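S.K.: Before I ask anything, here is the structure I am working with.
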Amino acid sequence: MDVFVFSVLHGAGTKDKVVTLVPPSPRLRGEGKGEGQSMRGPKETIIKRARSLRRQDNDAEYKLWLELKDRRLNGYKFVRQFPIGPYYADFVCRERKLVVEVDGSQHAENEYDRRRDAFMNNEGYAVMRFWNVDVLNKSNAVLETIVAALDGRLREETAANDLIFTGYFRGKS
């Protein structure tokens, strides 16, 4: 096998040589639509759909996002409209595998949501659902509940008037 030597530049203009036995990745050909496509992450259509959903946030989703973004909630990183299989989760903390959904009244006793939650649970995600009205009017309680789940203080399936939490959730190691 060939040995490849690369020069690494440092801020002061000094160089170090790095030696590797692994050849560099082969150049991708064409316009990036052929070889190597699977190495680029999610498909363009998935990214476009997620961006479109982000622009359609309702008031409750927007309010919760202001509390979750930029690691504002106890340092946990959340993303919005994250694709999990064929579904898009409102908010996801990938580090803790926690999905947070913000729902309107149309989601009450919704079979589609039960199938969706079961799919996400099978993918290893715990799912929490809050009503829009609770996010808007009881945001501190909602945030405290999310932190309790992130910190591993909610461990069993729970169903309450303003909370649905499913899936096994592991506490911090």
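The values are calculated or read from the model by the stated rules, or taken from the named source; none is laboratory data. Everything numeric here is computed off the predicted structure, so don't read it as measured data. For neighbour counting, all protein chains shown are included, and Cβ atoms are generated from backbone atoms with ideal geometry for every residue, glycine included.
S.K.: For region 97-118, name all the residues that are over 15 Å from the mean Cα position of the chain (by Cα) and of a type outside the set (G, A, S). Can you show your working first?
M.R.: In the first step, residues of region 97-118 are kept if they are over 15 Å from the mean Cα position of the chain (by Cα); the result is 103-116, 118.
Result: D103, Q106, H107, E109, N110, E111, Y112, D113, R114, R115, R116.
S.K.: Exactly one of (1) within 17 Å of E67 (Cβ to Cβ); (2) assigned to a strand (DSSP E or B) is unmet by I146. Its number?
M.R.: I146 satisfies all of (1) within 17 Å of E67 (Cβ to Cβ); (2) assigned to a strand (DSSP E or B) except (2).
S.K.: Under the condition of being under 26 Å from K43 (Cα atoms) and part of a helix (DSSP H, G or I), which residue from region 69-91 is farthest from the chain's Cα centre (by Cα)?
M.R.: D70
S.K.: What is the residue count in region 97-106 for residues that are crowded, with 16+ Cβ neighbours inside 10 Å and at pLDDT below 90?
M.R.: Final tally of qualifying residues: 1.
S.K.: Which one of R40, R27, R129 is surrounded by 12 or more Cβ atoms within 10 Å (Cβ to Cβ) and either in contact with a Leu (Cβ under 9 Å, 6 or more places away or on another chain) or at pLDDT below 95 (or both)? Before the answer, list the steps.
M.R.: Working: R40 fails: surrounded by 12 or more Cβ atoms within 10 Å (Cβ to Cβ); R27 fails: surrounded by 12 or more Cβ atoms within 10 Å (Cβ to Cβ).
Of R40, R27, R129, the one residue that is surrounded by 12 or more Cβ atoms within 10 Å (Cβ to Cβ) and either in contact with a Leu (Cβ under 9 Å, 6 or more places away or on another chain) or at pLDDT below 95 (or both) is R129.
S.K.: Another question, if that's okay. Can you find a residue in region 50-61 that is outside any helix (DSSP H, G or I), out of contact with any Asp or Glu (no Cβ under 9 Å at 6 or more places or on another chain), exposed (fewer than 14 other Cβ atoms within 10 Å of the Cβ) and modelled with pLDDT of 95 or more?
M.R.: No, region 50-61 contains no residue that is outside any helix (DSSP H, G or I), out of contact with any Asp or Glu (no Cβ under 9 Å at 6 or more places or on another chain), exposed (fewer than 14 other Cβ atoms within 10 Å of the Cβ) and modelled with pLDDT of 95 or more.
S.K.: Just one of R153, R170 is part of a loop (DSSP other than H, G, I, E, B), at pLDDT 55 or above and either touching a Gly at 6+ places or on another chain (Cβ under 6 Å) or of a type in the set (D, E, K, R) (or both); which is it?
M.R.: That would be R153, the only listed residue that is part of a loop (DSSP other than H, G, I, E, B), at pLDDT 55 or above and either touching a Gly at 6+ places or on another chain (Cβ under 6 Å) or of a type in the set (D, E, K, R) (or both).
S.K.: Give region 98-143 a look and list any residue that's closer than 20 Å to L68 by Cβ, in contact with a His (Cβ under 8 Å, 6 or more places away or on another chain) and in a helix (DSSP H, G or I), or say none.
M.R.: none
Yes or no, residue by residue, for (1) surrounded by 12 or more Cβ atoms within 10 Å (Cβ to Cβ); (2) among the basic types (K, R); (3) at pLDDT 90 or above:
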{"site": "R72", "(1), (2), (3)": "yes, yes, yes"}
{"site": "P83", "(1), (2), (3)": "yes, no, yes"}
{"site": "E95", "(1), (2), (3)": "no, no, yes"}
{"site": "E111", "(1), (2), (3)": "no, no, no"}
{"site": "F119", "(1), (2), (3)": "yes, no, yes"}
{"site": "K138", "(1), (2), (3)": "yes, yes, yes"}
{"site": "V147", "(1), (2), (3)": "yes, no, yes"}
